[in-house]
1. Among the residues of segment 118-137, is any closer than 19 Å to Thr215 by Cβ and modelled with pLDDT under 95?
2. Condition (residue is assigned to a loop (DSSP other than H, G, I, E, B), hydroxyl-bearing (Ser, Thr, Tyr) and under 19 Å from Thr32 (Cα atoms)) applied to segment 106-123: is it met by at least one residue?
3. Give the residues of segment 69-101 that are in a helix (DSSP H, G or I) and under 17 Å from the mean Cα position of the chain (by Cα), sorted by residue number.
4. So which of Arg86, Arg64, Arg60 ends up being of a type in the set (Lys, Arg) and within 27 Å of Met205 (Cβ to Cβ)?
5. Looking at segment 56-70, is at least one residue within 26 Å of Gly224 (Cα to Cα), of a type in the set (S, T, N, Q) and without any contact (Cβ under 8 Å) to a residue 40 or more places away in the chain?
6. How many residues does segment 78-103 contain that are out of contact with any strand residue (DSSP E or B) (no Cβ under 8 Å at 6 or more places or on another chain) and modelled with pLDDT under 95?
Amino acid sequence: MTDSELTSHKAANNDALDNKGANYSSGLEKVTAAVVAAARARPGDRIVDLGCGAGRVSLRLAERGARVLAVDGNQAAVRRLETTARERSLTGLEVLARPIDCLSLPAKSADLIVTSYALHRLRDADKQRLVAAAYHWLRPGGTFIVADMMFGRGTSSQDRAIIRSKVRSLAHKGVGGWWRIAKNSCRYLVRVKDHPVSISAWTAMFARAGFTGITAYSIVNEAGLVSGRRPSVPAQAAPGE
């Protein structure tokens, strides 16, 4: 799936973060707030936002004085974000209309890389490649933050708790809710469009890429956050270095 498709589906991801309406907005706000808090952005930091979408994270980081490169394959979304940044006089926010899977950045050029609800549609191998690329793009001591839906195929107690919660929530919505249960069950089992993985799978990908100081926690519902740091003085060369 292309990055443009990722972004167009991002807005339609109503069943993530407790579906749509006020609950969806509240859940998305919690995810955004968690990413911004974990980023600890400082004025002058060079930050890359992968799959920025409408720019909820990019705008907040730019407001803190960071120099943000907001990347997304959806040209319409990028144009809107560029207009918003100009209206708010956020001169440190730069946009780039480029699919994530085609993105190439200079090595050791970023202090921080973030991504929020953009990677669950990537297949596992593509997730791992992106994590490795982020390590390569970060300066020593830089941080990579991933916030996304994080659950597996129901093999863990956490997975099962998330699935039960989602089913109960949808069932209360009547016929429409049961329809979404059937639709999402098919998508979940077949993994045609969504390919979420558990928090432990994400931490393993970070470790394989060479990240240290890895932290992970749940934010709300199925949303989780994983972060890791590129060592300032690596003990050995990272994969691909």
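The values are calculated or read from the model by the stated rules, or taken from the named source; none is laboratory data. Source: prediction; values computed, not measured. So basically every Cβ, Gly included, is an ideal-geometry build from the backbone, and we count neighbours across all protein chains shown.
1. Yes.
2. yes
3. Listed by number, the residues that qualify are Ala77, Val78, Ile100, Asp101.
4. After ruling out the rest, the residue left standing is Arg60.
5. yes
6. Final tally of qualifying residues: 3.
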